[in-house]
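Enquirer: Pasting in a structure now, in structure tokens, and then I'll have a few things to ask.
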Amino acid sequence: YSTNPKDSQCTALSGILPPKNIHDEEELGIAGFIATPIYPANDPYELVGYIYGIVYWVEVLSDIFPKDAIGIDCVFGDDDPDTPQYTYTLNGGGTATLFCEGDCHDEKYDDLMMSATIIDPELLSEGSVSYHMTCYPNDVFFKTYQTSNPTIAAVGAFLIIIFTSIMFFLYDYLVRREFRSKKELF
């Protein structure tokens, strides 16, 4: 009913399409079905067809994170409370593995979670589902990125302060001694 159909959001995205077999190495995992209307350039009011496609969220993960990211659990879900969530784990090299159905992250990292809406609902038509992703680090993340550099830097700074203090007190002692000897000589 719009005066210009191109001004309205007509692209639609389905809810989560579940995987066929989570433990199959060839499984691409969860997906979303997307439909976009086609209007000819010379008549923006005539709908001539639709472009249909499938979005595999594992492919989206490879574009969201750097290729060397490892040890992050990403939980995908949509607005439908009846649709289960799915957890992916980043393996590095731009790959992710469907880990399990449900929210399977390690709960000890709950305070480090980061959430995002994958597709802005305002870009889609009414009735489209909004996808959400919540990411948590896991033990592999901390083992990979753990370093002793802060400890070494703190010990080094402490030793520099101690050395500087000793040099200052030694200098002060020698200056006072020379001052006393000149005073006695005078």
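The values are calculated or read from the model by the stated rules, or taken from the named source; none is laboratory data. Keep in mind that what you see is a predicted model, and the values were worked out from it rather than measured. Reconstructed Cβ throughout: ideal geometry from the backbone, glycine too, with neighbour counts over all protein chains shown. Just the protein is used for accessible areas: all its heavy atoms, side chains included, with ligands, DNA and RNA removed. Shrake-Rupley method; radii C 1.70, N 1.55, O 1.52, S 1.80 Å.
Enquirer: Just by accessible area at a 1.4 angstrom probe, what is the order of Leu90, Leu159, Leu185 from largest to smallest?
Expert: Numbers: Leu90 10, Leu159 100, Leu185 150 Å².
Final ranking, largest accessible area leading: Leu185, Leu159, Leu90.
Enquirer: Would you kindly derive the ³J(HN,Hα) couplings of the stretch 43-53 from the backbone phi angles with the Karplus curve 6.51 cos²θ - 1.76 cosθ + 1.60 (θ = phi - 60°), listing them in order in whole Hz, with x for Gly and Pro?
Expert: After applying 6.51 cos²θ - 1.76 cosθ + 1.60, I find 9, x, 9, 9, 7, 10, x, 10, 9, 10, x Hz.
Enquirer: Could you please state, rounded to a whole Å, how far the C-alpha centre of the stretch 128-148 is from the C-alpha centre of the stretch 78-99?
Expert: Here the answer is 11 Å between Cα centres.
Enquirer: May I pose another question? Leaving out same-chain residues fewer than 8 places away, which lysines sit with a Cα under 19 Å from that of Lys143?
Expert: Within reach: Lys67, Lys108.
Enquirer: Quote the accessible area belonging to Asp43 in square angstrom, nearest 10, computed with a 1.4 Å probe and with ligands, DNA and RNA left uncounted.
Expert: Approximately 50 Å² for this residue.
Enquirer: Let me ask another. Placing unit charges on C-beta atoms (Lys and Arg positive, Asp and Glu negative, everything else neutral), compute the dipole magnitude of the chain about its Cα centre in debye, rounded to 20.
Expert: So the magnitude is around 2020 debye.
Enquirer: What part of the accessible area of the chain, given as a whole %, is carbon or sulfur when the probe is 1.4 angstrom?
Expert: 60
Enquirer: Mind checking which of Gly77, Leu90, Leu13 is farthest towards the positive end of the stretch 3-131's charge dipole, using Cβ charges of +1 (Lys, Arg) and -1 (Asp, Glu) about the Cα centre?
Expert: In the stretch 3-131, that residue is Leu13.
Enquirer: Divide the volume of the convex hull of the Cα atoms of the chain by its number of residues and quote the answer in cubic angstrom per residue.
Expert: Convex hull volume per residue, Cα atoms: 240 Å³.
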